[in-house]
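See below for the structure under consideration.
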Amino acid sequence: MSEFEGERIAKVIARAGVCSRREAEQLILDGHVTLNHKVLKTAAINVTDADQIRINGKPLPQKEESKLWRYHKPEGLVVSHKDPQGRPSVFDKLEQQLPRVVSIGRLDINTEGLLLLTNDGEIERLLELPSSGWIRRYRVRAYGKMDDAGLAKLGQGVEIEGVRYGPVDAKVESSQGDNVWMTVAIREGKNREVKKICEYLGLQVNRLIRTSFGPFQLGELKRGGIEEIPQKFWQEQLGGKFRKSDADRRRKV
């Protein structure tokens, strides 16, 4: 087989819903993956449907139809398959309702709102690409006095503790006593970005709700609710990057 035929093995593993592409690459480097009965030492190899792939001796699961869900994550749940502190996770909560899924990005334990989930690691990769430029929108309740000058600076981007944050669109909705409600829109999604930006403004976040991720909206979805996003809609949003043939593909084992 030519090295240019087929697809990268980590991509095939991700599409089988086993894990993300990055996790698949790590499984390969750790010696957990065999290709045609030989242990792989590199992820830089292409495979076709004629190849046999096994992880820890088990064949890849039959590829299910690719799906994407929106979930209204409540606070108090971590977005992790393995939490070293043993805290309850989104995946534990939904294991009776969904197949094995991965999240599109993460929300920390105290953040509520829209979390996208998929059974296809390739969808995860495409939705997380920085080149998508999709805006993440949040509603924020924070304690403290608003610094109007600092708020205005966010539109040009700021540097906080040596980390450069791109332009942020932040607007005040209302004030309730010592708390202020704001809407914040960001594009990059760096770790704890919204909370760090609020701290930069002298505010202490006490509630954070993600309301949208690009074209995907939380809407009226109830807290703890899960709803599948129509395939036609998310494929249109990916603009042809995820082909219909990819969604319908089945792996031979």
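We did not get these values from a lab; they are worked out from the coordinates using the rules stated. Since the model is a prediction, treat every value here as computed from it, not as a measurement. Here the Cβ positions follow ideal geometry from the backbone for every residue, glycine too, while neighbour counts run over all protein chains shown.
The table below lists the values:
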quantity: The chain, relative contact order [Cα under 8 Å, separation at least 6], %; calculated: 23 percent
quantity: E161 paired with S80, simple spin-label distance in nm, labels 7 Å along Cα-to-beta-carbon; calculated: 1.7 nm
quantity: Square roots of 5 times each gyration tensor eigenvalue, C-alpha, the range 7-61, largest first, Å; calculated: 13, 12, 11
quantity: Ranked R136, R8, R223, criterion: other C-beta atoms within 10 Å, fewest first; calculated: R223, R8, R136
quantity: For the chain, share of DSSP beta bridges that run antiparallel, in % to the nearest 5; calculated: 90 percent
quantity: Entries of K11/K190; K11/K67; K11/K58; K82/K222; K73/K190 with Cα pairs more than 22 Å apart; calculated: K11/K190; K82/K222
quantity: Cα extents of the chain along the three principal axes, largest first (Å); calculated: 65, 39, 37
quantity: The chain, helix-only ellipticity at 222 nm - DSSP H runs n ≥ 4, -39,500 (n - 2.57), divided by all residues, nearest 500; calculated: -5500 deg cm²/dmol
quantity: The chain - charge dipole about Cα centre, Lys and Arg +1 at Cβ, Asp and Glu -1, debye rounded to 20; calculated: 300 debye
quantity: Residues whose placed amide H lies under 5 Å from that of V205, excluding near-sequence neighbours; calculated: Y143
quantity: Average silhouette area of the range 135-213, convex hull of alpha-carbon atoms, in square nanometres; calculated: 4.6 nm²
